[in-house]
1. How high is the FRET efficiency between Q65 and R25 when r is their beta carbon distance and R₀ equals 30 Å, given to the nearest 0.05?
2. I want to check the label-to-label distance for Q220 and R156. Put each point 7 Å from Cα in the C-beta direction and report it in nm to one decimal.
3. Which of the peptides 154-164, 226-236 is most tightly packed, and how do the rest follow, going by the mean number of other Cβ atoms within 10 Å of each residue?
4. For the modelled label position 7 Å from the Cα of T53 along Cα-to-Cβ, which residues of segment 10-27 have backbone nitrogen atoms closer than 16 Å?
5. If you wrap segment 146-245's Cα atoms in a convex hull and average its projection over all directions, what's the area in nm²?
6. Once the other residues with Cβ under 14 Å from the Cβ of I143 are scored (Lys, Arg +1; Asp, Glu -1), what is the net sum?
7. Please list 3J(HN,Hα) in residue order for segment 139-145, calculated via the Karplus relation 6.51 cos²θ - 1.76 cosθ + 1.60 where θ = phi - 60°; whole Hz, with x for glycine and proline.
8. Compare the peptides 119-129, 165-175 by average per-residue count of other Cβ atoms within 10 angstrom and give them in order, highest first.
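Laboratory data are not the source of any read-out in this text; all were calculated from the coordinates shown. These numbers were taken from a predicted model, which means no experiment stands behind them. Cβ atoms come from the backbone with ideal geometry, glycine included; neighbour counts cover every protein chain shown.
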Amino acid sequence: MANDNKYWNLEDFVDSLVVELDKTRETLAIKAINKPLTYTVKDLAIDLNIFPTYDGDQIRFITAQPGQQGASKVNIQLGSITDQQVRATTKISGLKNDTKIDEIEVDPKTKKTLRKMGVSSVDDLKEIEKKQVDIQRASDNEIDYKTLANQIQKSRRSMTPPKVSAVSLSLDDNKRPYLHIKGENFTLDPQYPPVTVINNSLAEVMDFSPNEIKVLLDRQHIAKGDSELIMTFDPYTLVKMNIRL
């Protein structure tokens, strides 16, 4: 319908086309693991009948409708690519330890900008960081890198949540009581030491690792009946449980 015909920029069109081609190349790279590619796209040509406009700052185009006269023609041609070129130039997507950008809670505009830059996973971002590239500057400040980094950490944490398997009461060498908490995925980032609170009182963490935590107990921590234990391991996780001391 004529009302659906909208102006577009050549940059946006080419970016969208490249994104689709990248997706196809990634799919072919995975397929080539088990089956040799028996075909290739020899040539692909796109003819666009368009009307250009220029507002003194930006060139925009609108696609000609059937029967419209006087349109300009733009021809876009894509060359062929072999199966060897696919394997040599394409990173296999969907690896187990990699996080896709689509799996992170970031706004659609950021995802779109990253995809245009060829970034589809957290591993891609790591490679860019190794090259000392400032993503925020490269995207003309369209990407807030600090916010993106926080979302990545939050997403990773959600994939490896802390798990408590056992809680026991023990005595240290000085006969002081402490809680010995065992489990998995407690502290994954060294810059965030765990913080523990028992019955609304801060408790000292004597020792910690990803699999265990030792919490020193004082008198104010011990109460009749159940006691409330709260543990935080980073800005994205909090464990709350009732224990009996």
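1. Taking R0 as 30 Å, the efficiency between Q65 and R25 is 0.35.
2. It is 3.5 nm.
3. Final packing ranking: 226-236, 154-164.
4. Once the point is set 7 Å along Cα→Cβ of T53, 10 turn out to lie under 16 Å by backbone N, inside segment 10-27.
5. 6.6
6. 0
7. Values, residue by residue: 9, 6, 6, 6, 10, 8, 5 Hz.
8. 119-129, 165-175
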